Structures are given as structure tokens and as C-alpha cells.
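Encoded as C-alpha cells, the structure appears first; notes follow it.
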């Protein structure tokens, strides 16, 4: 049986041929646009979906901001308008303000307590502070 002998020249020719085939393959892939250096198609699809989701959520946030700004503007407008006398007349005075008015008119503590819904001691205190002096 004879042994196979490979010389360095034959080995060099084989290496050059393999390199030539590899380079030709790379050139063909780069020309067609599907280079192995490019990212895979599925990765581009996933990143595209993420970009769409981010854009959609950004648009939703912008809408919410606009609605909140409109609500703030309406609230500011409501509080910046002075209240009319009719609105002020609807507000009932506190029982203590009514009791002070009664004390100034000279009513007694029992009447003030029953009319205003305060205790007799509070009514007496208000009479001593705001009542008519004899």
C-alpha cells in the first residue's frame, strides 16, 4: 500500500482555492444585500414593532397631557371669575356668625342656642363678647 504524500505546494494551492471560494461567496452575499454582517430579518421586525408601540404610547401620553391642560385651564377660569351676589346669597352663614348677629341685636343665650344650634355656654360667651352693654 502506498502512502499519500502531500507537498507544501499542493497544500498551498488548496488553501488558495478555499480562500477564493470564501471571498467569492462574501462578494455575492454583499451584492445581494443579505450580508451575514447585517442583522437578521426577525430582529428588524421586532425592533419595528417596539418603535411602533413607543410611538403609540407617546401619542397617547400627548393626548392625556392636552386633556389635563384643558381641565386645568377650565378650573383656573372658574376660580378666577368673581362670584356674583346671587351665588354669595346661597351660602348660609355659619351658626356662629348668626349667633353674633343675634347677640348684637340683644337676644338672650337660650334663644341663640336654640336658633343657631350652639350650646348655651357658647351663646353666653358670644353675648359677653358681642352683646349690647347696658
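A compact table of results
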quantity: Hey, residue 68 modelled with pLDDT under 90 and in a helix (DSSP H, G or I) or not; calculated: no
quantity: Residues (under 52 Å from the mean Cα position of the chain (by Cα), crowded, with 18+ Cβ neighbours inside 10 Å and not in a helix (DSSP H, G or I)) located in the stretch 93-134; calculated: 118
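The values are calculated or read from the model by the stated rules, or taken from the named source; none is laboratory data. Computed from a prediction, not measured in an experiment: that's the story for all the values here. Positions of Cβ are generated from backbone atoms using ideal geometry, with glycine treated the same way; all protein chains shown enter the neighbour counts.
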